[in-house]
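Just below is one structure, and these are the notes that go with it.
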Amino acid sequence: MKLSAYPAFTATAFTSRLAYRNQVWSGMFGELVATFAFIAVWTAAFVGRGTVDGVTLPDMVTYVIIAGPLLNWNTTRYIREVGDAIRTGDVTTFLLKPLHYPALLFFNQLGNNAFEQLSITLPVAVIVALAVGLLPPASVAHGLLFLAYWVVSWSMMFLIATLTAMLAFWLLTAFALDWFLRGIMAVASGAVVPLWFMPAPLAAILGYLPFAWVSYYPSAVYLGKLDLPAASLHLAIGCIWLATLVGILTWLWSRMRHRLIVQGG
Amino acid sequence: MSPIISATGVGKTFRQLKRQSGFGGALKSLFSRDYTDIRAVDGISFAINAGEAVGYLGPNGAGKSTMIKMMTGILTPSAGTLSVLGREPHAHRMTNAAEIGVVFGQRSQLWWDLPVRDSFDLNRHIYDIPPARFADNLRYLTAMLDMASYLDRPVRQLSLGQRMRAEIAMALLHDPKILFLDEPTIGLDVVAKDAVRKFLAEINRERGTTIILTTHDLVDIEEICPRLIMVDDGKLLFDGELNRLRASLGSRRRLTLEFATDPGPIALTTATLTADEGAAKHFVLDDETVSLLDVLGELGRGHGLKDVKLEEPDIEEVIRTFYLNKPNLASAP
């Protein structure tokens, strides 16, 4: 199969999602409620104070909108589907075709998330931004860097979710893995509480783990909490993480494929 | 002509973890692990030529699916050599995959939420099928498998029979040289089964596609596959034409004589008594050449004969006889 044929899977995944239009409404509703709830919590925390550790309330509201709906990639369905395919041996149907399975997953999930971003999270971000106000990026350079971080964020989440789903091959349960990952992501990605409000030792550790590139760093760069050299440096570290995870994924997949074709499902 | 598939002493052994029962057993297995070797396929050899249609038959757990998986390259043989289209399938999975088509009766390859046509179109990309060829094949398969009415319906709305026809069409769009089918008629109703069988026989005849098919339904074999490979416990039991199997087993015809009242014991030189229910007596004819007239002539008048029934052995019976007698036959196929 030619590489140029893989985008067909993106289109297929995108149109598949159109079949479930009610998911759009329930998804939007859920995201709206969660986002407004977080904004209410931060508003309460900032009552009577202009800034906390150099962060203002408008900063926090902007952080919630970006780290929340926008960079909170939904992988529940994906992990269950891939995990189940691996666990039940349905993954062999993909091995029967002349294609590279992880590449197929990549383009497939790209279509899924593109659909969610366009139909659910972007509209929610716009609605909330219009309702409560959204700060512009700290500078044009920060804004451009944010776009690069956005791509890194999605790629990182794809790799983390795929690696998690592949554990189903050895642990035989995708359901528990999804919960496990959601627990880790809630804390380590900074989607709920930014790293700057965390105890210094914890923030230091989480700041070097790949999860922080999913929500925390992109949002912090948008707000200008990292100066341009630091933002560029962290973008490079993020890319090193991406390369590392691609390596682990490739190794895990080849081991799994080997075991599949030696041991059989 | 060299064979398109050749297997020489192919074997597959799975290592299975011996699980100990109970909590104590679970604890024990943390420290010491016992494995049992399971021979799913054991020293199987055969050669299949291009254009053949071969039925691969055996009871559950006989190693049929394992053999199919090895031929399609998603399982590595642990012994012997296997060559498909001149290659070791597992070592050249991608190249092999591009030239074969596979249908699993129990596993769908169609995209559940999409119209059938979209799944087909995705295959056009996966197999890099030239547009004109794709259009030709789609037209041919749609007509042959009568799919026009549901080509634009999502797969989840299809009946099992419609879905299976779509699965088969999908596996043929890229003109594979070999089509592997693992229980393609499982769960289908009589009409759908018939449609699938007719089509497979046709594609084998008209397009020369080599067909390898596993099934439990012996009618599949009878209507599609002139050649039969029978396995049990991973070993080859029979490889040859269905007719030969029938002939080698004598394929003896069954005769039932019904009398108005029990005529007492009846002995015939041309037939052997198999069951005596008094007024109804069951025989098998000893010889292909014996005719009903011979039997009735020998029986003579005066027994109060009410009805006579002569039955050809059906394929199920042939196979059953075969498995019952397998120790004698396995050595001299």
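Key figures for this structure:
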| quantity | calculated |
| --- | --- |
| Of all residues making up the stretch B:167-191, the number that are out of contact with any strand residue (DSSP E or B) (no Cβ under 6 Å at 6 or more places or on another chain) and under 18 Å from B:Ala135 (Cβ atoms) | 5 |
| Selection within the stretch A:218-254 - more than 14 Å from chain B (Cβ to nearest Cβ) and closer than 30 Å to B:Ser65 by Cβ | A:Leu249, A:Thr250, A:Trp251, A:Leu252 |
| In the stretch B:133-151, the residues that are of a type in the set (A, V, I, L, M, F, W, C) and either within 9 Å of B:Val116 (Cβ to Cβ) or in contact (Cβ under 8 Å) with a residue 24 or more places away in the chain (or both) | B:Phe134, B:Leu138, B:Leu141, B:Met144, B:Leu145, B:Met147, B:Leu151 |
| Test: B:Asp194 is part of a helix (DSSP H, G or I), under 22 Å from B:Tyr56 (Cβ atoms) and without any contact (Cβ under 8 Å) to a residue 12 or more places away in the chain | yes |
| Subset of the stretch B:258-279 (residues that are open to solvent by less than 20 Å² (accessible area, probe 1.4 Å) and either among the polar types (S, T, N, Q) or in contact with a Leu (Cβ under 8 Å, 6 or more places away or on another chain) (or both)) | B:Phe259, B:Ala271 |
| Residues (within 13 Å of chain B (Cβ to nearest Cβ) and open to solvent by 30 Å² or more (accessible area, probe 1.4 Å)) located in the stretch A:59-98 | A:Arg77, A:Glu81, A:Asp84, A:Thr88, A:Asp90, A:Phe94 |
| Listing of strands (runs of 3 or more DSSP E) fully contained in the stretch B:235-281 that carry 2 or more residues being in contact (Cβ under 8 Å) with a residue 40 or more places away in the chain | B:235-241, B:254-259 |
| Selected residue [in contact (Cβ under 8 Å) with a residue 40 or more places away in the chain, surrounded by fewer than 20 Cβ atoms within 10 Å (Cβ to Cβ) and within 29 Å of A:Thr12 (Cα to Cα)] from B:Pro184, B:Pro226, B:Pro154 | B:Pro154 |
| Residues (of a type in the set (A, V, I, L, M, F, W, C) and within 26 Å of A:Thr62 (Cβ to Cβ)) located in the stretch A:88-126 | A:Ala114, A:Phe115, A:Leu118, A:Ile120, A:Leu122, A:Val124, A:Ala125, A:Val126 |
| Condition check for A:Arg49: basic (Lys, Arg), at pLDDT below 90 and farther than 30 Å from A:Lys2 by Cβ | yes |
| Test: residue in the stretch B:164-173 that is within 26 Å of B:Asn60 (Cα to Cα), over 17 Å from the mean Cα position of the chain (by Cα) and open to solvent by 40 Å² or more (accessible area, probe 1.4 Å) | yes |
| The stretch A:17-58, subset within 11 Å of chain B (Cβ to nearest Cβ) and without any contact (Cβ under 8 Å) to a residue 24 or more places away in the chain, residue least open to solvent (accessible area, probe 1.4 Å) | A:Ala19 |
| Condition broken by B:Asp42, with the remaining ones in (1) part of a strand (DSSP E or B); (2) surrounded by fewer than 22 Cβ atoms within 10 Å (Cβ to Cβ); (3) within 14 Å of chain A (Cβ to nearest Cβ) satisfied | (3) |
| Residue in the stretch A:104-113 that is farthest from the chain's Cα centre (by Cα), counting only those that are over 13 Å from A:Ser155 (Cβ atoms) and open to solvent by 10 Å² or more (accessible area, probe 1.4 Å) | A:Asn108 |
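The values are calculated or read from the model by the stated rules, or taken from the named source; none is laboratory data. A quick note: this is a predicted structure, and the numbers were derived from the prediction, not measured. No Cβ is skipped: glycine too gets one built from the backbone with ideal geometry, and neighbour counts run over all protein chains shown. What goes into the accessible areas is simple: the full protein's heavy atoms, side chains included, and nothing from ligands, DNA or RNA. Shrake-Rupley method; radii C 1.70, N 1.55, O 1.52, S 1.80 Å.
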